[in-house]
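What follows is a single structure, written as structure tokens, with notes after it.
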Amino acid sequence: MLENGLVAVVKRDCPTCELVAPVLTELAVTGDLEVISQDDPTFPDGFKNIGDDRTLDRSYKMQIEIVPTVIRFEGGMEADRTYGWDRGEWERVS
């Protein structure tokens, strides 16, 4: 887990996650971003080192109920989160 930065939990079998894939690419360029995929460790395309969470262990520990979820960490602790797609919320969290 990141000490500071964003964690995005997604899955390929999610239309909203497909929609936000380009936004994740933008976030990766501007700062620390860890992407965790619940069903396909190659999703989204263009990312290296995608976290493989097909067992959903990490999602369970982070209390992920809806994807996509974006969590901001500061000092190793969760500082904020949002889920689904709301541009204003994603901008606020990121």
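The values are calculated or read from the model by the stated rules, or taken from the named source; none is laboratory data. In this text the structure is predicted, and so the values were computed from the model without any measurement. Cβ coordinates were reconstructed from backbone atoms using ideal geometry, including for glycine residues, and neighbour counts include every protein chain displayed.
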Q: Being of a type in the set (Val, Ile, Thr) and within 17 Å of residue 23 (Cβ to Cβ) is the filter; apply it to region 46-71 and report the residue that is surrounded by the fewest Cβ atoms within 10 Å (Cβ to Cβ).
A: 66
Q. Looking at residue 79, is it free of Cβ contacts under 8 Å to residues at least 40 places away in the same chain and assigned to a helix (DSSP H, G or I)?
A. no
(Q) All but one of (1) on the phi > 0 side of the Ramachandran plot; (2) free of Cβ contacts under 8 Å to residues at least 60 places away in the same chain hold for residue 60; state the number of the condition that does not hold. (A) (1)
Q | Number of the condition not met by residue 74 [criteria: (1) exposed (fewer than 13 other Cβ atoms within 10 Å of the Cβ); (2) free of Cβ contacts under 8 Å to residues at least 12 places away in the same chain] | A | (2)
**Q.** Cβ pairs under 6 Å, 6+ apart, first in region 13-24 and without any contact (Cβ under 8 Å) to a residue 40 or more places away in the chain, second of a type in the set (A, V, I, L, M) and part of a helix (DSSP H, G or I)
**A.** none
Q: Tell me which residues, restricted to region 22-45, are surrounded by 16 or more Cβ atoms within 10 Å (Cβ to Cβ) and in a loop (DSSP other than H, G, I, E, B).
A: 38, 39, 41, 43, 44
Q. Within region 46-55, is there a residue that is at pLDDT 95 or above and either on the phi > 0 side of the Ramachandran plot or in a strand (DSSP E or B) (or both)?
A. yes
